[in-house]
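Before any comments, here is the structure.
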Amino acid sequence: MATGKYSRVDGRKSSSYCSLATIVVFVIFCLVGIWMFMSSSIVPVKNSEFLSVENGNEVKQTLSKSDSKQFDDTSGDLSGAETREDGSGLSSKELGITNEDNSLDNLVVESNNEEKESQDSAEKNQEENHANESSDEKTESESGEKMVDEDDGKDRETNSRDRESNLETGEAENEDGEMKNKLHTESEESSGENGSESAESRKNYGVDGTADKLKHVGKEANLTEEKNGKNQDEHLELSADHNIVESKENNQASNEILPAGAQSEILTETTTQNGAWSTQAVESQNEKKSQQSSTSSKNNDHHWKLCKSTAGPDYIPCLDNWQVIRKLPSTMHYEHRERHCPYEAPTCLVPLPEGYKRSVKWPKSRDKIWYYNVPHTKLAEVKGHQNWVKVTGEYLTFPGGGTQFVNGALHYIDFIQESVPEIAWGKRTRIVLDVGCGVASFGGYLFERNVLAMSFAPKDEHEAQVQFALERGIPAILNVMGTKRLPFPSSVFDLVHCARCRRHILRHILGGKLLLELNRVLRPGGYFVWSATPVYRKGPEDVGIWQEMSRLTKSMCWELVVVKKDKLNNVGAAIYRKPTSNDCYNKRSRNAPPLCEESDDPNAAWDVPLQACVHKVPVDSTKRGSLWPAQWPERLEKPPYWLNSQVGVYGKAAQSDLTADYSHWKKVVSQSYLSGMGIDWSSVRNVIDMKAVYGGFAAALKDLKVWVMNVVPIDSPDTLPIIYERGLFGMYHDWCESFNTYPRTYDVVHADHLFSSIKKRCKLVAVIAEVDRILRPEGKLILRDNLETISEVESMAKSLQWEIRMIYSKDNEGLLCVRKTFWRPTEEEPIKSAIV
């Protein structure tokens, strides 16, 4: 069988054993010569020439100095084990060599089939080697994922184990088996196109165990990497982390299960991120919310109608409920001027007066307003001679007079301080209650003395007197001293002023309830200024009223400080002072009026009947009312002395809570409200904060020419005394009912997390209708609330044809600013309760 095989070398049979031995020796020498020739051809040359294959043709390329520099023989190209100079840098296993291949007999049998086949095989392998060079570039990206940067000095654990075992078993075999290894490698690689980069390198260059050849492979790989546009700082290492007989499919599977490099780092992060992709849970939840929001928006797409009532453009739901007023058993104590709210709050819109214009700006508005905005002339006819109001062309003008100060309010204001210098307008005296205010010129001119006046009067025969005040930009509310307490806490006003309130006192003279109510809201040590005719006239009726007034004030322990006459206005004023201790009460000979029961809360003020009793004054230095507040403006920023051990609204100690609230609102107002909403604050005068808490919003606006009505809802923590202590004012209110003011009162309505709570008790659409009623055309609503409520209000605002000026949301919290327009619906809705 051997004879037959060998006979095919030259095509002739021979039985001579000598001839066969000669042929074998000859073939061996030929193969050795070929191997030596091939080995010399793969040694790197000094001029950095290298071979590449392009389209199967050998092309010689020369690297420039700058390009060849990156391929210098430095130990940085390969790890220490791979750069050893003894020629045994890699084990036989790392180079794809097995122990079975070291047998010379097996090598001879495989190589000496026939001389022609050996030569053809050598030529074929050479061509395949050249072809495999070009495949390096294609496989570089696959094998590159398994390479480790040499500069990092990190070897995989599997590499270390392989190197250690192979260095022990393969070093001694390298020298004796070089030729056999080379031939076996060539025969194996003819069917191994999917080998690793190290196997491909061995195909191209053979294996001689020298460091130069390994470095050349690294250089060749780096050059290929450069061609592919990869980072030049990445150094390739001969793949020692996998067996070269491993299939390409297995490598790919490994990459999918355990991604290398950056991918592996992502998967081993302790906290994963979603990147650019949302999760199905989030997407589904958002869609549900969107559908709910869409449904809610459809429900809030309200069909608005115009309120049809007897009051017309001046409709006030809780004061124009004629259905209840007609059934009142008595009106002796002004019950018909008190609040009687309809069972269901209206959801219609109040019409505008014909010819309504944007209000005149402050301070000009103090002296004149547009006639068509408040088209009422009766008061001008009745009180014109007292300089209340006059009709002047298209304006209503206000000379600044009143019944008690025909020649001007400022002179009258100065007259009061001259009478009692301790009053000290704008310092000791900051907050004033003006009873029966008329058109509120007294309060309007107190602004020049840095004083805030809460002016009130009933909606009575003095047509639109409070509406005149509000249109002028002067604080005022509609209220009457009838059978209910005023909507203020006890002991909060520094001074109470009552001009021409003779008839009120006469009407309740027997029980003294009205004066006792003023005593309740007056701060201990505060002043009561009474400038009615009984003070300076001597008619029988006036004398009788004066005597009764003197008896009542004495039993209330009020001190008559001074009675003085204003010669310019030909009027006089009696000024009383409330006591600061209970000594006088304890020394009275008669307990009349009686002291209030200990169970009687003087701060309870919402819809509470009047009591004919007097409350003791607090004497404990830790209690509110025992000490006078700091002077203005220090009192605005200084936490009240009586906020000691209480816990504040936001959970901190009350004083810290107040300070933090003020800092918060100063930041919000300065960084957002004043510049970020497009509001021209020079055109803003009347502001209402629907949920004031500590009055921080109003305090942050102190440097502007505005006044703020601070409302504390009846279902919120009672912080209104703190607001007054800071030198601000406000009142209690239930926002499920209409506010005691005329339509078109405020330039800015502010609501901080009110609507989301109020809609639990009443319809939000009715609250929005009330906001529309009290807000002037082109006025702004600033709303802060949760996103659900913001969305509802935005939908209703759009249905009202309001302009969305700003909307912002973050972490389920939202901010909305809208501007009311002049739009009114055309369809009317008759209000049966408001039609006489």
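Listed values, structure above:
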item	result
Residue selected from the stretch 463-496 under the condition aromatic (Phe, Trp, Tyr) and within 25 Å of residue 747 (Cβ to Cβ), by the criterion surrounded by the most Cβ atoms within 10 Å (Cβ to Cβ)	468
Failed item, numbered, when residue 761 is tested on (1) among the charged types (D, E, K, R); (2) over 22 Å from residue 624 (Cβ atoms); (3) in contact (Cβ under 8 Å) with a residue 60 or more places away in the chain; (4) not in a helix (DSSP H, G or I)	(3)
Long-range neighbours under 6 Å by Cβ, at least six apart or interchain, first residue surrounded by fewer than 18 Cβ atoms within 10 Å (Cβ to Cβ) within the stretch 375-400, second basic (Lys, Arg)	384/390; 395/368; 397/368; 397/390
Filtered residue count, the stretch 784-812, keeping only those that are among the aromatic types (Phe, Trp, Tyr) and over 23 Å from the mean Cα position of the chain (by Cα)	1
Which numbered condition residue 411 fails, given (1) part of a helix (DSSP H, G or I); (2) surrounded by 23 or more Cβ atoms within 10 Å (Cβ to Cβ)	(2)
Selected residue [open to solvent by less than 50 Å² (accessible area, probe 1.4 Å) and among the basic types (Lys, Arg)] from 358, 366	366
Per-region count, the stretch 393-403, residues at pLDDT 90 or above and either of a type in the set (Lys, Arg) or under 18 Å from residue 473 (Cβ atoms) (or both)	4
Restricting the stretch 675-706 to residues that are at pLDDT 95 or above, open to solvent by 20 Å² or more (accessible area, probe 1.4 Å) and not in a helix (DSSP H, G or I), the residue that is farthest from residue 637 (Cα to Cα)	680
Options 579, 593, 534; residue that is open to solvent by less than 30 Å² (accessible area, probe 1.4 Å) and either closer than 28 Å to residue 411 by Cα or of a type in the set (A, V, I, L, M) (or both)	534
Boolean, residue 473 is of a type outside the set (Ser, Thr, Tyr) and touching a Lys or Arg at 6+ places or on another chain (Cβ under 6 Å)	yes
Boolean, residue 815 is under 26 Å from the mean Cα position of the chain (by Cα) and open to solvent by less than 10 Å² (accessible area, probe 1.4 Å)	no
Hits in the stretch 558-580 - residues which are free of Cβ contacts under 8 Å to residues at least 40 places away in the same chain and in contact with a strand residue (DSSP E or B) (Cβ under 9 Å, 6 or more places away or on another chain)	558, 559, 560, 563, 565
Among the candidates 436, 473, 408, 512, residue that is at pLDDT 95 or above, in contact with a Pro (Cβ under 9 Å, 6 or more places away or on another chain) and at positive phi	473
Yes/no for residue 334 being among the hydroxyl-bearing types (Ser, Thr, Tyr), outside the structural domain of residue 463 (by the TED database), touching a Ser or Thr at 6+ places or on another chain (Cβ under 9 Å) and without any contact (Cβ under 8 Å) to a residue 12 or more places away in the chain	no
Extreme residue, most open to solvent (accessible area, probe 1.4 Å), among residues of the stretch 558-574 that are under 15 Å from residue 409 (Cα atoms) and not in a strand (DSSP E or B)	567
Considering residues of the stretch 718-750 that are under 28 Å from the mean Cα position of the chain (by Cα) and among the charged types (D, E, K, R) only, the residue most open to solvent (accessible area, probe 1.4 Å)	718
Members of the stretch 356-400 found to be in contact with a strand residue (DSSP E or B) (Cβ under 8 Å, 6 or more places away or on another chain) and in a helix (DSSP H, G or I), listed by number	371, 380, 384
Residue match in the stretch 613-620 (condition: open to solvent by 80 Å² or more (accessible area, probe 1.4 Å), aliphatic (A, V, I, L, M) and not assigned by the TED database to the domain that holds residue 695)	yes
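For (1) under 25 Å from the mean Cα position of the chain (by Cα); (2) more than 20 Å from residue 347 (Cβ to Cβ); (3) open to solvent by 10 Å² or more (accessible area, probe 1.4 Å), each residue gets a yes or a no:
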residue: 712; (1), (2), (3): yes, yes, no
residue: 716; (1), (2), (3): yes, yes, yes
residue: 752; (1), (2), (3): yes, yes, yes
residue: 769; (1), (2), (3): no, no, no
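The values are calculated or read from the model by the stated rules, or taken from the named source; none is laboratory data. Since the structure is predicted, the reported quantities are computational estimates derived from the model, not experimental observations. Ideal geometry is used to build each Cβ from the backbone, glycine not excepted, and the neighbour counts take in all protein chains shown. Heavy atoms of the whole protein, side chains included, go into the accessibility calculation; ligands, DNA and RNA do not. Shrake-Rupley method; radii C 1.70, N 1.55, O 1.52, S 1.80 Å.
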